[in-house]
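Mind having a look at this structure? Questions to follow.
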Number of protein chains: 2
Amino acid sequence: MPTLGIDLGGTFARAAVVDGKGEILASAKVAVQDRKPQGVVETIAQAAEEAVKQSGVKVDGCGVGAAGQIHKDTGVISVAPNLGWRDVPLAAMLTKRLGFDVKVVNDLSAAAWGELHAGAGRGAQDILVVFVGSGVGSAIIADGRLVQGGGGVAGELGHIKVVPGGRLCGCGEHGCLEAYAGGHNLIAQTKELLASGGSPVLEQLTNGDPYTITPVTLETAAEAGDAKAREIHARAAQFLAVAVANYVTVLNPSRLVLGGGVLTHCPGIKRLVLDGVQQWASRVSREGLLIADAELGDDSGIIGAALLVK
Amino acid sequence: MPTLGIDLGGTFARAAVVDGKGEILASAKVAVQDRKPQGVVETIAQAAEEAVKQSGVKVDGCGVGAAGQIHKDTGVISVAPNLGWRDVPLAAMLTKRLGFDVKVVNDLSAAAWGELHAGAGRGAQDILVVFVGSGVGSAIIADGRLVQGGGGVAGELGHIKVVPGGRLCGCGEHGCLEAYAGGHNLIAQTKELLASGGSPVLEQLTNGDPYTITPVTLETAAEAGDAKAREIHARAAQFLAVAVANYVTVLNPSRLVLGGGVLTHCPGIKRLVLDGVQQWASRVSREGLLIADAELGDDSGIIGAALLVK
C-alpha cells in the first residue's frame, strides 16, 4: 500500500502519496502560518488529507522529514531551529491526529533514504550523501541501514571543525566547515569582501549592491581572476574536498551522492571537490567508489520519508 | 558452544577458546615462520588445536582478526602488509583445514567488537573505537552492527588527510593523520629532531642514541620544556583531537573507546585529545557521549574475533 511522505520546512509543509517504488502519486503543499506545534500538526494534516484525496488511494503510514535534531526512537524533535521548537513529540501528536503510524526523521536522512531507494543510490548498500546548500549536511547508509547515531544526530558534516577557533558558525561554535563552505556563509564572506572595498570585480558584478550576491556571484568573481574572491572560493572548495575525502576514507562507501544548491549551481566548486576526493581519499577507499549526482532534487526528502515507513 | 578466536600478526598467531561471555578459557601462541599462506594456515591450525586441547571443550566456529584490508563477505585478504600478502582467500583455506566455519575480519574491527561485547563498550549500541599505537586505527559500531564499508576497509582513521600534501605516510600517500600522530611516526619525527641537533633536552634524554627513542621520550622532552619537541607533540595531539572530535560529530556515538600504546603510555597526548574532543566535537554530538578506556588490552582482538562468529 502507498504511504505518505511529509517534508516539513519552516515555511511550508509538503505532503505526497508515494508508492512502493518511490513514485509520487499526488502531492499538496500548505503554508505554515501558526508555528506552534499544534498549528503545524494541523497544517501537515491538511496537506496530507489533500494529497490522499487527490491520489484516490488509501495509505497506511506516514514518514516526516524535518530540519533539526530528532530522537530516532521516539520521533521527538529536540531542536528545530527554523520552527523555534524544543522537545516537541511530533510523531506522537501526528499519529494521534492522522490515525496511523508516523515516523519522524531528520530531513537529510530522509533525503538520503530517498536517493538510496529511488535515486542516485539505487543498487548500493553503503552510501554517503553530501548536500551543500545553505548549510552543509550529510547522511550515511551502512549495509543498507541508516546510521543515526546514539542521539540521532549523526551526519552533521557541516559542524566538523576545519579551523579550530576559526570563523563563527550559525551553530554558535567556531571553525565549522559550514562557516566556510555553506551557501549562507559563502554569501556572508562575499558580502564582507564587497564591503571591504577589496574587490573591484565584485563591485562591478553587483553594482555595489550586496543583496544581489549568491554563491554564484562569488564563483563568477573568482573565475574572473579576482584574487580575494578566489581565496574564499578555493578555501571553501578545499575544506569541502578534504572533509568529503576524509569521510570516504573512514566510511568506505561504495557510492558517494552529491547534491544541494551550491554544488548544483557552482560547477567550479563541484569540480574542485571532485578532484580533491580523488586526490585525498585513501587509495583503498577510492577503489570501487562511484560518485553520482543526487537525482531527486527537492523530492528526495519527501520520497525518502514515505519509504522509511516501510 | 565456545568458539575460537585468532589474532594473526606478522610474527605470531595467537588462538584462544572463548565462551559466549567473552571469557578466554585457554589460549596458545605459535610463531609465524613460513609467511606463505599455506604455512600461515598451518601455524594458525597448530595454535588453534593446542588451545582447544588445553580448554578441554568443543568449539564450533572460528573468527580471525588480521591486520590488513579484508573483503568482508568472502574473507579474502586483499592486502596484508606485515605478511606481504595480496588476495589470499584465508577464510576458505582455514575452513578447509579446520573443518568448520571461519570468518576473517580486520584486527581493529575485531578489537572493537571485543570491546563492544566484553569490554569498554558493553551496553552501548553506537560506539567508536580509536586506537593510537604504532599506527592510528578505528572501528565503528552503529546500532550494534559493525560498519565495514562497501569494500570492507571502513575505519581507516590513520589515513585521513590532515595536511594535504604534507608528510609522507607509510601508505605511500602524503599528509595522513598517522604520518604525524602514529607511534611509528612520532618516533621518526623525534629521531629527525635529535639528528638535527635542535634539541638539547632530547640529546640528554637519549645520550644521543636514536635507538632509545619511543613516543614516551618525545612526551618527556616536550614536558621538560623543549620547544621543538613540544611542537611535534602538540601538533600530533591536536591533529588526533580534531580528527576524533570530527568523527564524533559525524557519527554521534554514545560511547568513545580509546586504546593503543601511545594513548596508554603518553598521558600528555591523551589529555590533550580528551580536552580537544570536549572542545571541538559539536555540542549536540557530545550530549550523552561517554568516553572510556579500552579494557581488554591485547586480548580485545582475539575475544572480538571469537564473538564475531556468533
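What follows is calculated from the coordinates using simple rules that are stated; it is not laboratory data. Quantities reported herein were computed from a predicted structural model and do not represent experimental measurements. Quick reminder, even Gly has a Cβ in these numbers, built from the backbone with ideal geometry, and neighbours come from all protein chains shown.
Explain nothing, just compute: Karplus ³J(HN,Hα) = 6.51 cos²θ - 1.76 cosθ + 1.60, θ = phi - 60°, for every residue of the range A:214-219 in order, whole Hz, x for Gly and Pro.
Each residue of the range A:214-219 in turn: 10, x, 5, 4, 4, 4 Hz.
To continue, here is another question. Amide H of A:Gly150: which non-local residues (sequence gap of 5 or more, or other chain) have their own amide H closer than 5 Å, using H built in the peptide plane?
Answer set, sorted by chain and number: B:Ser254.
Could you state the number of Å between the C-alpha centres of the range A:186-211 and the range B:138-204?
Here the answer is 41 Å between Cα centres.
Work from the charge dipole of chain A (Cβ charges, +1 for Lys and Arg, -1 for Asp and Glu, about the Cα centre) and give the residue of A:Leu146, A:Val257, A:Ile232 farthest towards its positive end.
The one lying farthest along the dipole's positive direction is A:Leu146.
Still on this structure: With axes computed from alpha carbons, what is the tilt in degrees of helix B:267-280 against the longest principal axis of chain B, rounded to the nearest 10 within 0 to 90?
Between helix and principal axis, roughly 90 degrees.
Would you list which lysines come within 17 Å of B:Lys103, measuring only between C-alpha atoms, while excluding same-chain residues fewer than 8 positions from it?
Cross-link targets: B:Lys72, B:Lys310.
List, in order, the whole-Hz ³J(HN,Hα) value for each residue of the range B:32-42 obtained from phi through the Karplus relation with A = 6.51, B = -1.76, C = 1.60 and θ = phi - 60°; use x for Gly and Pro.
Ordered by residue, 3J(HN,Hα) equals 7, 9, 8, 7, 5, x, 5, x, 5, 4, 4 Hz.
Quick one: Cα convex hull volume of the range A:1-52, Å³ per residue?
Values: hull volume 3.2 nm³, N = 52.
Measuring per residue, one finds 62 Å³ for the Cα hull of the range A:1-52.
Right, something else. Work out Dmax and Rg for the range B:1-91 from the C-alpha atoms and quote the Rg first, both in angstrom.
12.9, 36
Of the beta bridges DSSP finds with both residues in the protein assembly as shown, what % are antiparallel, to the nearest 5? Don't skip to the answer; put the middle values down first.
On the way: 57 of 95 bridges.
Taking every DSSP beta bridge within the protein assembly as shown, about 60 percent pair in antiparallel fashion.
Restricting attention to the alpha-carbon atoms of the range B:243-310, what are Rg (one decimal) and Dmax (integer), both in Å?
13.6, 39
Count charges around A:Glu231 for me, please; just the other residues with Cβ under 14 Å from its Cβ, Lys/Arg as +1, Asp/Glu as -1. Provide the component values of the computation, followed by the final result.
Values: positive: A:Arg167, A:Lys228, A:Arg230, A:Arg235; negative: A:Glu192, A:Glu219, A:Glu223, A:Asp226.
Local net charge: 0.
Can you list residues from other chains, or at least 5 along the same chain, whose modelled amide H is less than 5 Å from the amide H of A:Trp85?
Correct list: A:Ala80.
A further question follows. How large is Rg/Rh for the protein assembly as shown, to two decimals, with Cα atoms and a Kirkwood Rh? Don't jump to the answer; show the numbers that get you there.
On the way: Rg = 26.2 Å, Rh = 25.9 Å.
Expressed as Rg/Rh, it is 1.01.
Let me ask something additional. Quick one: of the DSSP bridges fully inside the range B:55-105, what percent are antiparallel, nearest 5?
Details: 5 of 9 bridges.
Taking every DSSP beta bridge with both residues in the range B:55-105, the antiparallel ones total about 55 percent.
Just to confirm the filter: which trypsin sites (Lys or Arg not before Pro) across the range A:1-34 are DSSP coil and have at most 13 other Cβ within 10 angstrom of their Cβ? Don't skip to the end; give the middle numbers.
Details: sites: A:Arg14, A:Lys21, A:Lys29; in loops: A:Lys21.
Here the trypsin sites (Lys or Arg not before Pro) that fit, given the DSSP loop and packing criteria, are A:Lys21.
Also, I was wondering about something else. What does the charge count near B:Val162 come to, summing +1 for each Lys or Arg and -1 for each Asp or Glu among other residues with Cβ under 13 Å from its Cβ? Mind showing how you got there, number by number?
Values: positive: A:Lys161, B:Lys161, B:Arg167, B:Arg235; negative: B:Glu173, B:Glu178.
Once all neighbours under 13 Å are counted, the net charge is +2.
Sticking with this structure for a sec: Enumerate the calculated ³J(HN,Hα) couplings along the range B:222-237 in order (Karplus 6.51 cos²θ - 1.76 cosθ + 1.60, θ = phi - 60°), each rounded to whole Hz, writing x wherever the residue is Gly or Pro.
5, 6, 7, x, 5, 4, 6, 5, 5, 4, 5, 5, 5, 5, 4, 5
On a 0 to 90° scale, report how tilted helix B:107-118 is relative to the longest principal axis of chain B, with both axes built from alpha carbons and the result rounded to the nearest 10.
Taking Cα atoms only, the helix is inclined about 80 degrees.
Considering only DSSP beta bridges with both partners in chain B, what is the antiparallel share in %, to the nearest 5?
In chain B, approximately 60 percent of DSSP beta bridges are antiparallel ones.
Under the Kirkwood approximation applied to all pairs of distinct alpha-carbon atoms, what is the hydrodynamic radius of chain B in Å?
Details: mean 1/r = 0.0498 Å⁻¹.
This gives a value of 20.1 Å.
Among the trypsin sites (Lys or Arg not before Pro) within the range A:66-129, which fall in a DSSP loop and have no more than 15 other Cβ atoms within 10 Å of their own Cβ? Walk me through the intermediate numbers first.
Values: sites: A:Lys72, A:Arg86, A:Lys96, A:Arg97, A:Lys103, A:Arg122; in loops: A:Lys72, A:Arg122.
Taking the range A:66-129 and a limit of 15 other Cβ atoms within 10 Å, the loop trypsin sites (Lys or Arg not before Pro) found are A:Arg122.
Calculated from DSSP H runs of 4 or more alone, at -39500 (n - 2.57) each and per residue, what is the 222 nm mean residue ellipticity of chain A, nearest 500?
Working: 12 runs with 132 residues, N = 310.
Calculated from helices alone, the mean residue ellipticity at 222 nm is -13000 deg cm²/dmol.
Taking the square root of 5 times each eigenvalue of the Cα gyration tensor, what semi-axes in Å does the equivalent ellipsoid of the range A:31-81 have, largest first?
Details: eigenvalues 104, 47, 12 Å².
Equivalent ellipsoid of the range A:31-81: 23, 15, 8 Å, largest first.
Taking the label point 7 Å from Cα in the Cβ direction, how far apart in nm is A:Thr74 from each other copy of itself, listed shortest first?
4.7
Give the cross-link partners of B:Lys36 among the aspartates and glutamates, using a straight C-alpha distance below 14 Å as the criterion and excluding same-chain residues fewer than 8 apart.
In chain and number order, the partners are B:Asp87.
What are the extents of the Cα atoms of the range B:54-173 along their three principal axes, in Å, largest first?
Dimensions of the range B:54-173 along the principal axes of its Cα atoms: 53, 37, 29 Å.
Give me the mean projected area, in nm² to one decimal, of the convex hull enclosing the Cα positions of the range A:124-294. Provide the component values of the computation, followed by the final result.
Numbers: hull surface 40.0 nm².
Computing the convex hull of the Cα atoms and averaging its projections yields 10.0 nm².
Moving to a separate point now. Given Cα pairs under 8 Å that are at least 6 residues apart, what percent is the relative contact order of chain A?
On the way: 710 pairs, mean separation 64.9, N = 310.
This gives 21 percent for chain A.
Also: Which aspartates and glutamates does A:Lys53 reach when only Cα atoms under 20 Å apart count, and residues fewer than 8 places away in its own chain are ignored?
Reachable aspartates and glutamates: A:Asp7, A:Asp19, A:Glu23, A:Glu42, A:Asp101, A:Asp299.
Next up: Over the Cα atoms of the range A:209-285, what is the Rg over Rh ratio if Rh follows Kirkwood? Don't skip to the end; give the middle numbers.
Values: Rg = 13.8 Å, Rh = 13.2 Å.
Rounded to two decimals, Rg over Rh is 1.05.
Build a GNM of chain A with springs between Cα atoms under 10 Å: which of A:Gly149, A:Gly22, A:Gly137 gets the top mean-square fluctuation?
A:Gly149
Let me ask something additional. Counting Lys +1, Arg +1, Asp -1, Glu -1, what net charge surrounds A:Ser27 among other residues with beta carbon under 10 Å of its beta carbon? Kindly include the intermediate steps, with their values, before the conclusion.
On the way: positive: A:Arg14, A:Lys29; negative: A:Asp7, A:Glu50, A:Asp299.
Within the 10 Å Cβ shell, the charges total -1.
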